[in-house]
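A short write-up of the structure that comes next.
The values are calculated or read from the model by the stated rules, or taken from the named source; none is laboratory data. Keep in mind that this is a model prediction, so the values were computed, not measured. Glycine also receives a Cβ, built like all others from the backbone with ideal geometry; neighbour counts cover every protein chain displayed. Side chains included, ligands, DNA and RNA excluded: accessible areas come from the protein's heavy atoms. Shrake-Rupley method; radii C 1.70, N 1.55, O 1.52, S 1.80 Å.
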Amino acid sequence: VEVAKVSPMPKAGGRWNLLEVSAIGDTLSVTLNGQRTVDAVHDNRHAKGAIALQYGSGVVKFRKVEIRLP
């Protein structure tokens with residue numbers, strides 16, 4: 001949130017989605033349902049710290065959450 005512009009903006013509401021976030025040091029990349037939406041943005045605010053799941057509004061469910069270390 002407020003780190004990078006998402007492009008293309010996905011339509012993901014009302015169904016299960018696969019979200020993959022790669023965070024290595026200050027470099028973040030995001031893939032949603034096989035489509036890269038954020039590619040290698042650098043943000044020092046998130047280079048280290050806690051991991052949290054977040055949502056904006058409505059009902060959100062998480063399943064099969066995995067954290068892999070490089």
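Table for the structure above
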{"quantity": "Summed residue charge, Cβ within 11 Å of Gly25's Cβ, Lys/Arg positive, Asp/Glu negative", "calculated": "-1"}
{"quantity": "Sulfur and carbon atoms: percent of accessible area, the chain [1.4 Å]", "calculated": "54"}
{"quantity": "Cα→Cβ-extended label distance, 7 Å offset, between Lys61 and Ala12, nm", "calculated": "1.7"}
{"quantity": "Mean Cβ count within 10 Å, highest first, over the residues of peptides 11-19, 24-32, 50-58, 38-46", "calculated": "24-32, 38-46, 11-19, 50-58"}
{"quantity": "Reachable lysines, given that their alpha-carbon falls under 23 Å from the alpha-carbon of Lys61 and they are not under 8 places away in the same chain", "calculated": "Lys11"}
{"quantity": "Cut-off under 5 Å, modelled amide H: who pairs with Thr37 long-range", "calculated": "Val30, Thr31, Leu32"}
{"quantity": "Derived scalar couplings ³J(HN,Hα) [segment 49-57; Karplus, 6.51 cos²θ - 1.76 cosθ + 1.60; whole Hz; x for Gly, Pro]", "calculated": "x, 6, 10, 9, 9, 9, 8, x, 6"}
{"quantity": "Partners for Lys5 among aspartates and glutamates (Cα-Cα distance below 15 Å; same-chain residues under 8 apart left out)", "calculated": "Asp39, Asp43"}
{"quantity": "nm² value of the averaged projected area, convex hull over the Cα atoms of the chain", "calculated": "5.2"}
{"quantity": "Per residue accessible area of the chain, 1.4 Å probe, in Å²", "calculated": "91"}
{"quantity": "Environment charge of Lys5, counting only residues whose C-beta is closer than 15 Å and scoring Lys/Arg +1, Asp/Glu -1", "calculated": "-2"}
